[in-house]
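Below is one structure, written out as structure tokens; the observations come after it.
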Amino acid sequence: MKYYIIAGEASGDLHGSNLMKSLQKQDANAEFRFWGGDLMQHVGGTLVKHYKALAFMGFSEVIMNLRTIAKNLSFCKSDIASYNPDVIIFIDYPGFNLRIAKWAKLKKFKTHYYISPQIWAWKEGRIKAIKQDVDQMYVILPFEKDFYENKHNYPVHFVGHPLIDAISDRTQVSGTAFRKANGLSDKPIIALLPGSRKQEITKMLSVMLSIVDNYPDYQFVIAGAPSQDFDFYKTFIKQSNVHFISNKTYDLLSLSTAALVTSGTATLETGLFKVPQVVCYKGSWVSYQIGKRVVNLDYISLVNLILDKEVVTELIQGDFNTKRLKKELDRILDDTERSKLFLSYYELEKKLGGKGASDTTAKLIYDYIKS
């Protein structure tokens, strides 16, 4: 069968690639055409457009790129029509994907959505479009099933979180070999995860690096995003005990003592690696002012949202400064606090369910299409 998949971010590329592998197990004749990235391209099929060309952050940045977004939407529709797939699979990326889903439903294409838009956080009114335009929804957070089914009377499939598969299936790295290969010393590692887009890295990394000189007994390592080159990062690096490693975030987290993490999927990844963390967020003034008025959440990190309590500290906007960041890093380097965090992380993993999200989703999609 022919599968058209749309993933607009690095995380979507990861989960899309694993879903494609699982679909190949179900369907020996699977053909893929997709919007995604290098990981999906490695599985096989035709990459239509790379997510690097699609990433716009925040309200103001989206407005500035409306013409490009409109062109992408028009091109996507014509490309789907030409390919004529048996099913379209949307992976998160709601601003774009829900517009395509509306068009696709009118054109009688089968529409399946893997990894729900976070309408429980904001734009809850999108539920109307989802109920109308999405044939099957596959959710990865335990509270999402209750949100859709009990609050909005829309049946969904809870398939577990694909990060558990991605983390557990990875090849274990040798700490000694990794340190040697990347020019790291034997000092404990504090990982810096400043995000994947230039706008957020620019806002996050300078503050993260401002505390480095207070910790001579540690080495700080920037987790470089695959979408950015080292030339961009090196303008921020002034200290000798700061290192840069690109596209090896999981290996880095597996060896880290603590982490400073930009809000997003990375907070959950860090939690699943059992690394004590401080969650950070700072957007443009306009984006933040709009966001705080429309987002209906008690927390911004997935760790806290899933556990429904403050497990990791969140430093947001004005609170994300050198003084507060140092205070919170000192706290998670304390053995007593670390022990509490480890217990909460085990609770987090239990709530997310076991392995098999990609395989479960692939089987549900394939069986639905066949029937």
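The values are calculated or read from the model by the stated rules, or taken from the named source; none is laboratory data. The model shown is predicted, which means the values in this text are computed figures rather than measured ones. Quick reminder, even Gly has a Cβ in these numbers, built from the backbone with ideal geometry, and neighbours come from all protein chains shown. The accessibility values were calculated without ligands, DNA or RNA, using every heavy atom of the protein model including side chains. Shrake-Rupley method; radii C 1.70, N 1.55, O 1.52, S 1.80 Å.
Quick notes on this one:
- Here the range 201-216 is the region considered, the condition is being open to solvent by less than 20 Å² (accessible area, probe 1.4 Å) and not hydroxyl-bearing (Ser, Thr, Tyr), and the residue that is farthest from Ile332 (Cα to Cα) is Ile201.
- Within the range 222-238, considering residues that are touching a Lys or Arg at 6+ places or on another chain (Cβ under 7 Å) and crowded, with 18+ Cβ neighbours inside 10 Å, the one farthest from Leu39 (Cα to Cα): Gln228
- Subset of the range 1-38 (residues that are modelled with pLDDT under 95 and open to solvent by 50 Å² or more (accessible area, probe 1.4 Å)): Glu9, Asp38
- At least 1 residues being at pLDDT 95 or above and buried (at least 21 other Cβ atoms within 10 Å of the Cβ) is the threshold, and among the helices (runs of 4 or more DSSP H) wholly inside the range 268-349 those reaching it are 302-307, 322-332.
- Answer from Leu106, Leu47, Leu54, Leu98 - the residue that is modelled with pLDDT of 95 or more and within 21 Å of Ser196 (Cα to Cα): Leu47
- The numbered conditions (1) under 16 Å from the mean Cα position of the chain (by Cα); (2) of a type in the set (S, T, N, Q); (3) open to solvent by less than 50 Å² (accessible area, probe 1.4 Å); (4) modelled with pLDDT under 95 are all true for Asn241 except (1).
- Residue match in the range 313-320 (condition: closer than 21 Å to Pro188 by Cβ and of a type in the set (A, V, I, L, M)): no
- Pairing residues of the range 228-242 that are under 12 Å from Leu209 (Cα atoms) with residues that are open to solvent by 100 Å² or more (accessible area, probe 1.4 Å), at Cβ distances under 9 Å and at least 6 apart in sequence or on separate chains, gives Gln239/Asp213; Asn241/Asp213.
- First in the range 350-368 and at pLDDT below 95, second anywhere and among the hydrophobic types (A, V, I, L, M, F, W, C) and open to solvent by 70 Å² or more (accessible area, probe 1.4 Å), Cβ under 9 Å, 6 or more apart: Gly353/Phe158
- Selection count where residues are more than 22 Å from the chain's Cα centre (by Cα) and at pLDDT 95 or above, scope the range 123-176: 13
- Residues in the range 354-365 that are outside any helix (DSSP H, G or I) and open to solvent by 30 Å² or more (accessible area, probe 1.4 Å) were compared, and the one that is nearest to Lys145 (Cα to Cα) is Gly354.
- Only one entry in Ala121, Ala129 is assigned to a loop (DSSP other than H, G, I, E, B) and either in contact (Cβ under 8 Å) with a residue 12 or more places away in the chain or open to solvent by 20 Å² or more (accessible area, probe 1.4 Å) (or both), namely Ala121.
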